[in-house]
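Working notes for the structure below.
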Amino acid sequence: MHSLTQEIRSFSKTNLRRQCTRVTTLTGRRLIETWKDARLQAVEVADSKDGGAACGYVQDLSLDLQVGLLKPWLLLGSQDAAHDLDTMKKYRVTHVLNVAYGVENPFPEDFTYKSIPILDLPETDIISYFPECFEFIEEVKLKDGVVLVHCNAGVSRAATIVIGFLMHSEGLDFTSAFSLVKNARPAICPNPGFMEQLRKYQQLNNNKCGNLNDSD
């Protein structure tokens, strides 16, 4: 049985399968967002008798409404959960942090939204988005609200934001934060570039702590 550390270290671009995410806009347009060879492609697809398997894979057309509960006020999920009003009300969501690219916010009268479009590419500097994302999450906590963090699939971008937030707010190392989020939402799988950036983020945090201790 592989340990969690071995699982984390096994991530690489060569091992990563092409990601294919189904996106449905409020106007009913159906898009397939795919990234391959460090390039993002968004292709509009039409309904077809075979279910519109435009990716070359068997498409899973079932809704992903599984929501990861990290804290009573911090949730992680997919756009499916964010677009399902019953699910949102079930978890008492008040705020939504949308880090997807091209996914609209369907219930502006019911929830407070913050949209920060992030591309799910290994070379995307996702750490540069941390301060703005973390500030929003912390504001929700102070207001006694409940925030859902989501991207398209709730697998890579949103998961990376939540892992980074737990490292930042709880002082957790990368492995511990990854484990917590993985247990809460087993589907998570940040792309290799994000995994490497999270490791570097841990080093940055360690260096900050060391500098603070030296100044005491």
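The values are calculated or read from the model by the stated rules, or taken from the named source; none is laboratory data. Since this is a predicted model, take the numbers as computed values, not measurements. When we count neighbours, we look across all protein chains shown, and the Cβ atoms used for this are built from the backbone with ideal geometry, even at glycine.
List of remarks:
- Residue within the range 64-77 that is of a type outside the set (Ser, Thr, Tyr), within 23 Å of Leu180 (Cα to Cα) and in contact with a Phe, Trp or Tyr (Cβ under 7 Å, 6 or more places away or on another chain) present: yes
- Here the strands (runs of 3 or more DSSP E) wholly within the range 60-122 that include at least 2 residues being without any contact (Cβ under 8 Å) to a residue 40 or more places away in the chain are 112-115.
- Here the range 180-194 is the region considered, the condition is being of a type outside the set (Lys, Arg) and in a loop (DSSP other than H, G, I, E, B), and the residue that is farthest from the chain's Cα centre (by Cα) is Pro186.
- Extreme residue, surrounded by the most Cβ atoms within 10 Å (Cβ to Cβ), among residues of the range 164-179 that are in contact with a Leu (Cβ under 6 Å, 6 or more places away or on another chain) and either part of a helix (DSSP H, G or I) or in contact (Cβ under 8 Å) with a residue 24 or more places away in the chain (or both): Ala177
- Residue that is farthest from Asn105 (Cα to Cα), among those in the range 138-162 that are surrounded by fewer than 24 Cβ atoms within 10 Å (Cβ to Cβ) and aliphatic (A, V, I, L, M): Leu142
- Restricting attention to the range 130-155 and to residues that are touching a Leu at 6+ places or on another chain (Cβ under 7 Å) and β-branched (Val, Ile, Thr), the residue that is nearest to Gly77 (Cα to Cα) turns out to be Val149.
- Single unsatisfied condition, His83 versus (1) more than 22 Å from Gly164 (Cα to Cα); (2) at pLDDT below 95; (3) not aliphatic (A, V, I, L, M): (2)
- The residues in the range 136-163 that are under 8 Å from the mean Cα position of the chain (by Cα) and in a helix (DSSP H, G or I) can be counted, and the count is 6.
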